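Working notes, beginning with the structure itself.
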Amino acid sequence: MVAAAPFRGLRFDPDVVGDGAQVTAPPYDVISPEARDAYEAMSPYNVVRLILPRPGQDDAPEAERDGAADYRGVAALLARWQADGVLRRDTATCLYVYEEIYQLGDTRRVQRGVLASVALDDTGTWVVPHERTMAAPVADRLRLLEATEVNLSPVFGVYAGDGGPAAVLDGVTATEPVLDGADETGVRHRLWVVADPDRIVAWRERMASQRVLIADGHHRYRTSLAYREAVRAANGDRPGPWDELLMFLVDADLHGPAVLAIHRLLADLDDAAVLAGLDGDFDARPAASPAEAERLLGGLPEEAVAFGLYSGGRSWLLVARDPAGLAAEAGRDRRMLDVEVLHGPVLSKRLGVSDFEGRVGYESDLAAAVAAVDQGAAASLLILRPARFGAVAEDDVLLSEAPRWPGVEAARRESLMPVRGGCP
């Protein structure tokens, strides 16, 4: 079962920090040095100072000033912000209804869910991962978690609830939110605090039967598992707040995410290597451009398995001749998503890629991915089409995708959850 519970969140005090939009930031792994400058300039309390501190900042100890990943300075800054009232912990355990309103093309979209404390599930039965993790980001976030003992960013989870759990909180969004503002990208964020015990109990009961698919935040989920094991090793197996983490839970039947394609950049495999490796299993059809390859991908039937390829100024459409055979090769008795085939039978087996962290890059913007190849930053580009979200949720796919959705990053911005003391 999914054990989701209220918690005492740490929230910025608007009387101290002013406009809430000035203290938010995207996740650390997408913040460029120039963007960090901009976020720091917005406010002395911008959360970027916690999630992506500068080596050598005034609060950093000697090790960090020398460039080592030491986050004790962040812990000191976090403690000072709490002591100064910049961050205040809610007095009661609460759920937090969180909503994002954004524009995707010509469409206005609303993503609404609940921020809650969710029990870790290392079996993958109730909280289901679908992407590989890399050692370096997990190690980095583990050092931050060990130093601060606070979840600074939530993991984003989706479930197919048919509106059941969300119905318990109907009416909450008709009241005045405690947070309402737009970030620098134009996404509007609203937050409501739910402290009513009866509503919380009813919501928890309806959530218990759901299965949650991790849509974004696999490295932080893996980090929390590693942190829990470290605490248990040091203090025994007694339960504690380290058994839980902060999650943003969205009912995909009501407010499902917009799934965008994430293309793959191959560091050292050019078109000749890719075409030779896939010869016999894929039909290679020339395309006029990467954009044309993307368009052709979008016109294929859903059951097809295909990619676009760009390298050396030339483009192709690669279509699998026997998708069922590739699935059987991978030990699956169902149709595999394009990205599953890509990371399994294609990259791992036929192209001999084992070091995904060092040899594979990810880019959602096709023009930027093409530019990376043209400028020599990558040898080739594999173009993917977006997976239908229902295909992932319905099949419980465990894949190696790294999807990004508008609004997801904002879900990591405002609520902080203690993992030692004060967590229910």
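Annotation note: Cβ proximity below 7 Å between a residue of segment 292-311 that is closer than 13 Å to I383 by Cβ and a residue that is open to solvent by less than 70 Å² (accessible area, probe 1.4 Å) and among the polar types (S, T, N, Q) (sequence gap 6+ or interchain) occurs for E292/S315; A293/S315; G308/S315; L309/S315; L309/S380; Y310/S380; S311/S380. Taken across segment 390-398, residues that are under 20 Å from the mean Cα position of the chain (by Cα), surrounded by 22 or more Cβ atoms within 10 Å (Cβ to Cβ) and either closer than 24 Å to T185 by Cα or at pLDDT below 80 (or both) do occur, with at least one present. Between a first residue in segment 82-104 that is surrounded by 17 or more Cβ atoms within 10 Å (Cβ to Cβ) and a second residue that is among the polar types (S, T, N, Q), which pairs have beta carbons less than 6 Å apart while being 6 or more apart in sequence or on different chains? Pairs found: Y96/S415; E100/Q111. Identify, please: which residue in segment 86-139 is polar (S, T, N, Q) and in contact with a His (Cβ under 8 Å, 6 or more places away or on another chain) and is, among those, nearest to V259 (Cα to Cα)? Once the filter is applied, the top-ranked residue is Q111. Does segment 335-349 contain any residue that is part of a loop (DSSP other than H, G, I, E, B), open to solvent by 60 Å² or more (accessible area, probe 1.4 Å) and over 24 Å from A377 (Cα atoms)? Among the residues of segment 335-349, at least one is part of a loop (DSSP other than H, G, I, E, B), open to solvent by 60 Å² or more (accessible area, probe 1.4 Å) and over 24 Å from A377 (Cα atoms), which makes the answer yes. Under the condition of being modelled with pLDDT of 90 or more, part of a loop (DSSP other than H, G, I, E, B) and open to solvent by 20 Å² or more (accessible area, probe 1.4 Å), the residues counted in segment 132-152 number 1.
Among the residues of segment 229-267, just one is open to solvent by less than 10 Å² (accessible area, probe 1.4 Å) and free of Cβ contacts under 8 Å to residues at least 24 places away in the same chain, namely V231. Taking strands (runs of 3 or more DSSP E) as the structural unit, those lying wholly within segment 196-300 and holding at least 3 residues that are over 24 Å from E340 (Cβ atoms) correspond to 244-251. In segment 155-181, of all residues being more than 23 Å from the chain's Cα centre (by Cα) and in a helix (DSSP H, G or I), the one that is surrounded by the fewest Cβ atoms within 10 Å (Cβ to Cβ) corresponds to A174.
The values are calculated or read from the model by the stated rules, or taken from the named source; none is laboratory data. Here the structure is a predicted model, which is why all the values come from computation and not from measurement. Cβ sites come from the backbone with ideal geometry, for glycine too, and all protein chains shown count toward neighbours. Protein only, heavy atoms only, side chains kept; ligands, DNA and RNA dropped before computing areas. Shrake-Rupley method; radii C 1.70, N 1.55, O 1.52, S 1.80 Å.
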